[in-house]
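For reference, the structure discussed in these notes is given below.
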Amino acid sequence: MAWSTWDLGWPWMCLGGGLALFAVMFGTNAMRSRSTGSRWWDPVWLAWLVVPMLMLHMFEEYGFDVLGRTYLLPETLCKNLGYPPYPSCPIPIAHYPLINVGIAWVTAPLAAWLSRRNLIIGLSWYGLLMANGLLHIVGTIAGGLEAGSGVLTAAVFFVPSFCWMVYVVRKSDIMTGKALAVSVSGGVIAHVLLGAVYGLQKAGIYGSAGVLAFDVGVIATPILVGWMGSKILGPMTAKAPLAASV
């Protein structure tokens with residue numbers, strides 16, 4: 001299929017945005033809650049770290065993967081669901097930029113911005129990182145590089161950063177285990193719902209418009225789950241000062 005300029009361009013926008021944000025995060029203190037100590041032990045900085053990782057991952061999935069393939073994921077998805085290739089595949093093309101740009105450029109940065117006041121919301125996208133990372137890794141092991149678009153960033157960024165975030169949060173005692181579980185569950189639920197988007201369309205529950213409407217719900221899920229969880233647990237979940245510089 002001949003993809004439009006926008007289809008081919010938005011993944012490169014993610015690449016540029018991700019690299020620029022990495023430069024700001026490692027070159028300045030703009031995304032830190034304090035200027036002293038290690039940035040790697042700052043939960044606000046870790047909340048912001050999700051954003052450029054997502055952007056680079058989206059570029060690898062759609063713009064240019066380890067084998068130099070472009071927009072492989074949509075074609076693979078249609079094939080796995082038993083649909084014909086594009087332009088006949090019923091999953092709307094607008095779904096891919098909507099869900100990805102909506103997450104990386106809107107709700108993930110919003111969650112990170114809110115992390116200074118509410119870490120349950122701020123760290124919620126780590127659940128999606130872990131779920132998506134494991135899916136990419138397991139899928140690549142099972143299906144080979146033919147299914148491997150996105151696996152490099154999943155293995156290098158997603159899974160290790162999730163493990164480090166959990167270690168920092170629990171070691172520093174900045175959040176209770178229950179609060180962390182609620183936070184992470186928001187991203188996991190969003191990932192499950194993303195899979196449900198395709199399943200419900202396949203079952204004939206809705207058509208193309210329904211996919212795009214469901215996408216909006218997926219994009220908002222981690223923040224909504226974090227907000228509801230913090231209403232129960234309280235937005236301030238710190239029990240002790242952050243760990244010293246390491």
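Using a 4.7 Å Cβ-Cβ cutoff, the cysteines of the chain lacking any partner cysteine are C14, C163.
For the listed peptides 117-126, 89-98, 200-209, 47-56, a ranking on the average number of other beta carbons within 10 Å per residue, highest first, reads 117-126, 47-56, 89-98, 200-209. Placing R0 at 25 angstrom, the Cβ-Cβ distance between I141 and E75 gives a FRET efficiency of 0.75 after rounding to 0.05. Computed over region 5-233, the range of Cα coordinates on each principal axis works out to 54, 37, 32 Å, biggest value leading.
Positive end of the dipole of the chain (Cβ unit charges, origin at the Cα centre): among N100, L81, A142, the Cα lying farthest that way belongs to N100.
For region 218-235, backbone nitrogen atoms closer than 17 Å to the point 7 Å from K178 Cα along Cα-to-C-beta are found at 226-235. Only the Cβ atoms of Lys and Arg (+1) and of Asp and Glu (-1) were treated as charged; on that basis the dipole of the chain about its Cα centre amounts to roughly 920 debye. Here's the picture: a label point sits 7 Å out from the Cα of S208 along the beta-carbon direction, and within region 73-91 the residues with their amide nitrogen under 12 Å of it are 87-91.
Inter-label distance, L152 to N29: 3.5 nm, where each label sits 7 Å from its Cα along the C-beta direction.
Taken together, the values in this text are just the output of simple stated rules run on the coordinates, not laboratory data. All values reported here derive from a predicted model rather than from experimental measurement. Cβ coordinates were reconstructed from backbone atoms using ideal geometry, including for glycine residues, and neighbour counts include every protein chain displayed.
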